[in-house]
Amino acid sequence: MTGGTGFLGSHIASELLRQGYRVLLLVRPNSQVSAHARVEQLLTWFGISPKDKRRLKVIEARMDQPDLGLTQERYADLTNTIDEIIHCASNTSFSERKRTEVERANIEGLQHILDLAARSKCYFFHHLSTAYVAGKKSGPCREEFVETTSFTNVYEETKYYGERILFEKCDDEGIRLNVYRPSIVYGSAEDGRSLRFTALYYPLRTILFLKNLFMKDIEESGGKRAQQMGVKMGTDGSLHLPIRIEAGNGNGINLVPVDFFIKAFMEIMDTCLEGSVFHIVNERSKTIDALVEYTTRYFNLEGIEAVRTEDFDKQSRNGLEILFDTYVDAYKPYMRDNRIFSNDKTRSILEKKNIKCPDLDYELFSKCMQYAIETGWGANLFGKQHQ
Amino acid sequence: MISEQARQIASQCRHYAMCKIDFLETGLCPAGEKRHYVSYFPQGRMDIYSALANNLLPLTEGLVDIANTCTLCGICDKQCHFVTGMRPLKVMEALKRHVEASLSENKAVTKIEEDAVLKDLRKIVGTEWATNDPAILVTYANDPFPLKDMQMPGYVVLPRTKDEIVAIVNMANKHGLPYVVRGNGSSVFGIVFTDGIVLDMNRMKSIAIDRDNWVAAIEPGVTSFDLQKEVQKHGFRVNVAEPAATVCGNIVCTGIFSTWSNAYGVAADNLINAEFVDSAGHVFDLNDVGAPNIFAFRNEMVPPPGICTKAHVRMYPTTKDEQGLLVPLGTFDEAVALARDLSARRIGVALAVLGGHYLSTFMSPSAALADKVKENLTKSLDINSMVFMVGDRYARDAVKKMAGVTIDDKLFRMLMLGLPRLAEDEWAELLRNFEGDKYAYEIFCMEEMYPLLEAALSPSPETLAGAVDEDLRDFYAQLYSRPEMTDLVWLNMFRIISSRMARHKHVIAFILYVPLDRIDIIKEINGLFKKVGDKYGIENEFGFLTPMDFGKRAILEYDYYIDQTSRSDAERIGKAMTEIDPELERLSADIKGIKLMKYILSQGCARKEHFLYR
Ligand SMILES: NC(=O)c1ccc[n+]([C@@H]2O[C@H](COP(=O)([O-])OP(=O)(O)OC[C@H]3O[C@@H](n4cnc5c(N)ncnc54)[C@H](OP(=O)(O)O)[C@@H]3O)[C@@H](O)[C@H]2O)c1
Ligand code: SF4
């Protein structure tokens, strides 16, 4: 398995261990903390028992090198041990200025892992992709490989080209292939715990940052800067932050909690033995309106509103809006999404076990926010020393 | 009794002579100001304490006088802390205690007898201004250069006039004694030492301003700082080097280069005329028909043309709307390209590409804060390089249009005065997770951001002063409430913070001229310094790059950081230098425009055309 130190990868690895699998993680070396230490930290977070841990092996490897940075001997050893590969490692940045790194991980890295699969006795490849390989599109997206040419960012693009290489190679080599395409994954619906605080979390974090900043300015320094930005105290101790969020005319954001994702992943892996493509998505997207409502309620705010594109005059944007807009720029395509992900194949498998994607209601939202804030948006997940 | 704490501080004196100029308006060390010998300044006292700790000094009349004249006023504590983060007052107290203890134990005070040479010297300059007392000599015997051992002179003399200098040279020749000239004692390359006579120029400090010709005539003891201060009163600026260095010393030694060289040039460019006393005791100036041609350049190490006794330097006009501007950039390549473009277009009076260590150190009054800021600059703000310029409003407008994102005077002040808050994790985390196509600094520098930054950073002298030891906070708060302390133009004219480069460790700066249109070569050179530095485990970093001559050439500085008291560091730097040298020689022979500073030493008056166009 690759990507075992990531958000989804660590969840999958833990679940596999709990269910009695033997797991071998390829983890990239990191100058500050050793691969083993990083994994150990995560296993503790997951509460994996020492007994289960014994079935885990960690190898330091570099996905960006053809031989994975291993000696010939070790590489050969590896090819003799592997039965199945779960490939979760990926550069998940959306940013164009990181294109080189993103391509290196999502295309070249994938190629190197595929070579490993081809040279080993691996018979099944499980690939973590994304529903957004669909690219710039509106309307239905099917659970299969569909040719596309335009994308909203480098992440979508490289994940798409990755899939293309993947299908060809697995076909050529006679390796069975499952492609899992989640939409946007957030914390657990059970307890709100999470390991990553990007995507859904980032805009909220930005808003909380602004709130705290201006509250402090008002309470301690007379509120001059708040006033300059049109920020003032609202009713009942709330803070008025004048931010209109351009919500477009889309369906909203497609969000799935991580516990649902894991259940779905395990069930599909267990059930689908012939290989296919699966959308692990929410059948009901969350509207920006609803998220704004949760946010203002949870953080005791006023003045934030979602507006449709035609009602949003860009010229009239205030400073706060310009800033907020710039901060969340990368997430906009997902906030104004018109893509509809068909999930017939996934549903037909999950229905049998009555696995359903929970709705993100206010209660769940609150749980997730509480955990995020408690852990300093991830900064002290494992205690301060491990920032 | 030697105090271990004081000994350690004393052994770390960087010898930048910053305690010999009044750069913080605290006033000067009263004893040093009156007695002129470096021995009476904090720097000399540090050396004396080190020598005592190493058992190198007897109790002499000079030592007693030096200890007695320290009033424990504490000025040096402030000055030195600003530059090095050290608190030398502990040394001054320990020195006084040590001498008092010796006296109370009735130890004999040695009086070193006057010999024939000293008699002659005193006849020339007066009794007070020549000496052979070891407590004084020892402060002229050493600097932090790791590859040079201590060399005690026989005599130190402080002449007041050119005629006295002529007489001293003749006398030295008569006795067959070698001599060296010492400016302000800020040289750190082990080159101003002798067994014979040291001439300290500290009493020759007069400045005469010729307003009509825009020229300043200076004596050899005038420091860059003092000259800049004087000409600024008249609305002018001079191109000078490190603040505590003497201008004449710089002129003769390496020639003057600075971030202002983009507009003002280097070496002979700034020189109107100079007067010398040659090794035979003859006086000449550069306009004498028979004078040696020191505008010429020889590609070898040559002795200096003589003792510079007077220099006439150019004063440059300033405009009221000048301000500094910083351009953050994501890569070194982008920064070099921009700097070159600006230089080619004649934009920017001062202009340079700065490394991360420079900027963070300049802005932070403590080393810990500087480290944090440096990390945040690259990791959170994506700033990997920075172009710095000073220009009038038209020039700045042009740069804003060319570069897009800039940090203007106002933003710089805000950032600097709010620096401790900027270093806080919350900010860093928020910016670090930013996923857009823009560099994080692009958002950061948006004008819409200013009120937010103000709210977040609460920029104020008190906020910034929060970064230093508690007992110094009031002093720093007052200091930073002076507008010039956060003014990019002033700070770069007076360069009082460039000595901070060596705050955490002694710095060995490698300086060379490079062709600015060959960024591949510049990167190769940086790569070479890095490779060799890393190989020997020496902390190293790109320093700065200043364009000149319309973007054709540039001055490159790459820095190695070492512990000046460590033998093994000295060995490693020695090995590194032997490894780098032939590589640089090869590059310099193959590629036009590369010139190593070691060849320009003592040829600082040469025309740049003669050493850069070969
Ligand atoms: N999270 C979501 O909402 C979501 C949605 C759709 C699809 N996905 C897909 O799910 C997979 C996992 O995503 P995630 O959210 O778990 O991502 P993540 O938390 O960012 O983790 C990425 C993992 O990949 C590894 N990695 C990144 N670049 C690498 C490189 N160059 N060489 C070796 N390893 C590298 C990371 O290792 P280090 O720990 O060493 O950095 C980490 O283990 C990805 O394929 C992603 O495309 C995720
Ligand atoms: S404390 Fe002594 S050495 Fe320091 S500045 Fe005052 S008089 Fe000079």
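The values are calculated or read from the model by the stated rules, or taken from the named source; none is laboratory data. Just so it is clear, the structure is predicted and the values come from calculations on it, not from any experiment. Glycine gets a Cβ as well: all are built from the backbone with ideal geometry, and neighbour counts include every protein chain shown. Surface accessibility is based on the protein's heavy atoms, side chains included, excluding ligands, DNA and RNA. Shrake-Rupley method; radii C 1.70, N 1.55, O 1.52, S 1.80 Å.
So, in the range B:404-456, exactly how many residues are open to solvent by less than 10 Å² (accessible area, probe 1.4 Å), within 11 Å of chain A (Cβ to nearest Cβ) and assigned to a loop (DSSP other than H, G, I, E, B)?
Residues that pass the stated criteria total 2.
A:Glu267 versus (1) closer than 30 Å to B:Glu447 by Cα; (2) in contact (Cβ under 8 Å) with a residue 24 or more places away in the chain; (3) assigned to a helix (DSSP H, G or I); (4) open to solvent by 20 Å² or more (accessible area, probe 1.4 Å): which is the lone unmet condition?
(1)
When only residues in the range B:468-485 that are open to solvent by 30 Å² or more (accessible area, probe 1.4 Å) and not in a helix (DSSP H, G or I) count, which is farthest from A:Asn212 (Cα to Cα)?
Out of the qualifying residues, it is B:Arg482.
Based on this model, can you work out whether B:Lys78 counts as of a type in the set (D, E, K, R), in contact (Cβ under 8 Å) with a residue 40 or more places away in the chain and open to solvent by 10 Å² or more (accessible area, probe 1.4 Å)?
Spelling it out, B:Lys78 is indeed of a type in the set (D, E, K, R), in contact (Cβ under 8 Å) with a residue 40 or more places away in the chain and open to solvent by 10 Å² or more (accessible area, probe 1.4 Å).
Just one of A:Phe382, A:Phe365 is at pLDDT 90 or above, more than 14 Å from every other protein chain (Cβ to nearest Cβ) and on the phi < 0 side of the Ramachandran plot; which is it?
Just one listed residue meets the conditions, A:Phe365.
Any residue at all in the range A:193-212 that is open to solvent by less than 20 Å² (accessible area, probe 1.4 Å) and away from chain B (no Cβ under 13 Å)?
Yes, some residue in the range A:193-212 is open to solvent by less than 20 Å² (accessible area, probe 1.4 Å) and away from chain B (no Cβ under 13 Å).
Looking only at the range A:154-176, count how many residues are surrounded by fewer than 22 Cβ atoms within 10 Å (Cβ to Cβ) and in contact with an Asp or Glu (Cβ under 8 Å, 6 or more places away or on another chain).
Number of matching residues: 1.
Restricting to the range B:1-28, what's the tally of residues that are in a loop (DSSP other than H, G, I, E, B) and open to solvent by 20 Å² or more (accessible area, probe 1.4 Å)?
Looking only at that region, the number is 10.
From the list B:Asn132, B:Asn106, exactly one residue is touching a Leu at 6+ places or on another chain (Cβ under 6 Å) and without any contact (Cβ under 8 Å) to a residue 40 or more places away in the chain. Which is it?
It is B:Asn132.
For B:Gly537, which of the numbered conditions (1) open to solvent by less than 10 Å² (accessible area, probe 1.4 Å); (2) over 16 Å from B:Ala339 (Cβ atoms) fails to hold?
Condition (1) is where B:Gly537 drops out.
From the list A:Asn30, A:Asn91, A:Asn106, pick out the single residue that is within 22 Å of the chain's Cα centre (by Cα), open to solvent by 40 Å² or more (accessible area, probe 1.4 Å) and within 9 Å of ligand 1 (Cβ to nearest atom).
Numbers: A:Asn91 fails: open to solvent by 40 Å² or more (accessible area, probe 1.4 Å); A:Asn106 fails: open to solvent by 40 Å² or more (accessible area, probe 1.4 Å).
Of the residues listed, the single one that is within 22 Å of the chain's Cα centre (by Cα), open to solvent by 40 Å² or more (accessible area, probe 1.4 Å) and within 9 Å of ligand 1 (Cβ to nearest atom) is A:Asn30.
Determine which single condition B:Lys372 fails, assuming it passes every other condition in (1) within 14 Å of another protein chain (Cβ to nearest Cβ); (2) in a helix (DSSP H, G or I); (3) farther than 26 Å from B:Arg473 by Cα; (4) not small (Gly, Ala, Ser).
(3)
Any residue in the range A:44-63 that's assigned by TED's automatic domain parsing to the domain that holds A:Ala89: show its pairings with residues that are crowded, with 17+ Cβ neighbours inside 10 Å and of a type in the set (Lys, Arg) at Cβ separation under 8 Å, as long as the two are six or more apart or on different chains.
Partner pairs satisfying both residue conditions: A:Glu60/A:Arg28; A:Ala61/A:Arg28; A:Arg62/A:Arg28; A:Met63/A:Arg28.
Suppose we filter the range B:64-92 for residues that are more than 14 Å from ligand 2 (Cβ to nearest atom) and over 22 Å from the mean Cα position of the chain (by Cα); how many remain?
Selection size over the range B:64-92: 1.
Applying the selection to the range A:224-234, what residues are out of contact with any strand residue (DSSP E or B) (no Cβ under 7 Å at 6 or more places or on another chain) and either more than 10 Å from every other protein chain (Cβ to nearest Cβ) or at pLDDT below 90 (or both)?
A:Lys224, A:Arg225, A:Gln228, A:Met229
Any idea which of A:Ile288, A:Ile280, A:Ile349 is surrounded by 14 or more Cβ atoms within 10 Å (Cβ to Cβ), over 27 Å from A:Met229 (Cα atoms), more than 14 Å from chain B (Cβ to nearest Cβ) and under 20 Å from the mean Cα position of the chain (by Cα)?
A:Ile280
Could you count how many residues in the range A:17-27 are farther than 21 Å from A:Gly109 by Cβ and open to solvent by 10 Å² or more (accessible area, probe 1.4 Å)?
So the count comes out to 5.
Would you pick out the residues in the range B:226-257 that are open to solvent by less than 10 Å² (accessible area, probe 1.4 Å) and at positive phi?
Within the range B:226-257, B:Gly255 is the sole residue that qualifies.
Name the single residue, out of those in the range B:457-467 being at negative phi and part of a loop (DSSP other than H, G, I, E, B), that is farthest from the other protein chains (Cβ to nearest Cβ).
B:Ala467
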